[in-house]
Structure formats: C-alpha cells, structure tokens
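The values are calculated or read from the model by the stated rules, or taken from the named source; none is laboratory data. For clarity, every value in this text was computed on a predicted model and none was experimentally measured. Positions of Cβ are generated from backbone atoms using ideal geometry, with glycine treated the same way; all protein chains shown enter the neighbour counts. Each accessible area value is taken on the protein alone, full model and side chains, heavy atoms only, with ligands, DNA and RNA left out. Shrake-Rupley method; radii C 1.70, N 1.55, O 1.52, S 1.80 Å.
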Amino acid sequence: MASAPITENCVDTNSTSTAENQTVHQIRQFDLKVVRDAFVDCIQPDQNLLLHEYVRAYDELCVFVSSLGAIFDWAIKDLTHKLVILREHQRLDPINYHSIQSMIAHEVKTDRVKTKDTALTLPSGKPLPNGSRTLLRLHRALAFISSFLSQMRLASDNESSAAIAWNAYSSTLGHFHSWPVRHTIHAAIKLTVPDRGTLIDKLLNKRNPDEIETISIDIVESCNLIESKTQELFEKHHLTRLP
C-alpha cells in the first residue's frame, strides 16, 4: 500500500524522535478506521484542512507499512521523519501551523519557502526543513494511496496486489521519479508486496469484512478532496516544484 514509493529523500536516522516513533509503529495494531476518521476530520466545514489530523492519518498508515515486514523499514524512517518535521512546526507555532492553509500562507509570507531549511532546529540539532516542502512530498503520496485503495477495493480476488500497486504508482508518484528510481521501486513491489488476500487481512485487522467497503470509500473521497484543495494551494503560490 503506502509502502516503498511513498517518499523520495534521505532521512535523519539520528533523530531520537524518528526512532521512537518508528518503534511505536512496530508495536501498535493497525486500524483502517483511524485512517478514515483522521482524513475525514481533516476537512473542516469551512474547507480548512487541519494539519494535525493529516499527520494523524499518515501516522496510522506507518503502522500498516510496518506490518508488512522489515523490508519497508527505510520507507517508515523517511515517512516518520517528515511527520516529525510537521509536528515540530506545530509545537513551535500552533497558530500558524494549525491548518494546511495557514501553514502555506505563513511560509509564503515569511519567505520560508525560498529555502529548504529554516533557522530552527530539530531535537537532533539538525536544521528544521520548511513545512511546505515536507507537505509536498506527503501530498504527492496521497494520490498514490487514494488510487491504490480505490483499485484494491474494485479488484477481483485473483488480481495481483503487486500489479495494482505498480499501476497506482505509475499514474501518480512515478511522474516525479527518475527511471532508475522507478525501476528499483518496480522490483521492490514485485518482490515484497503480499498477495491481495494477505493485504486485505492486514487492512481489516480483525474488523468485519463488510466494513472495508464503506471505510475505503470514505478514505478515497476524503483523500481526493484533500489532495485537490492542497494542489490548488501549491499551484496558487507556485510551490509545486519545491526542491
């Protein structure tokens, strides 16, 4: 699912917060309903997108990826590091980092978007990257998650989950990766993504099978709306190609 192709950059593996969060992901039980609730609650009546709910949804997705095995540890480290960055911004400035809209507006106004790193530091002592650049990477992955879940829900029992994952990746995240990266991810998907039955079992995790239909639809609809509104913001402020 949101495994190997989620992110694309190196991580701060020396960050204590990253390591601690990764350990938590490995011992928690995944719940697809938590993902659904977080993405749904992210969207407010006034159409603002709450940043802490966005982060909460991704945090639960990390639990799912961890359940797929140690082969995906590098993806968890990278994704967890990005969540640490956004949480640190929220801790330091809860008002300006309350929503995706307020974060982008603040970073554009203060020119933070012009450089990769801010003058602030992470708990590890390394520079704290700006939130907009970090969000852009997660935003690109959101299209993959939505596409993959949608295709998994509609697929027949004998369809390959690896093929579904590759199709979803090719139509979304693959557009932002070089040929060598796409080739590596293709190989990883073929070798490591479990069969559809195993993947469905992990998604359900003891929940009623009838629930996955409703929950998956809610997630896809919420992801599509969040992705669309976030894309509009990045395009409006000319931030779609942040380095």
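A search for C-beta distances below 8 Å between a residue of region 90-103 that is touching a residue at least 24 places away in the same chain (Cβ under 8 Å) and closer than 14 Å to residue 120 by Cβ and any residue that is open to solvent by 80 Å² or more (accessible area, probe 1.4 Å) and among the β-branched types (Val, Ile, Thr), counting only pairs 6+ apart in sequence or on different chains, returns nothing.
Does residue 190 satisfy the criteria of being open to solvent by 80 Å² or more (accessible area, probe 1.4 Å), touching a residue at least 12 places away in the same chain (Cβ under 8 Å) and either of a type outside the set (Phe, Trp, Tyr) or not in a helix (DSSP H, G or I) (or both)? Here the answer is yes, as residue 190 does meet what is asked. Residues in region 122-135 include none that are hydrophobic (A, V, I, L, M, F, W, C) and open to solvent by 20 Å² or more (accessible area, probe 1.4 Å). Evaluation of residue 149 against the conditions (1) open to solvent by less than 20 Å² (accessible area, probe 1.4 Å); (2) assigned to a loop (DSSP other than H, G, I, E, B); (3) farther than 25 Å from residue 237 by Cα shows that the sole unmet condition is (2). Just one of the listed residues (120, 136, 92) is within 21 Å of residue 62 (Cβ to Cβ) and hydrophobic (A, V, I, L, M, F, W, C), namely 136. May I ask you to list the residues in region 31-55 that are open to solvent by 60 Å² or more (accessible area, probe 1.4 Å) and either under 13 Å from residue 99 (Cα atoms) or not in a helix (DSSP H, G or I) (or both)? The answer is 41, 45, 46, 47, 52.
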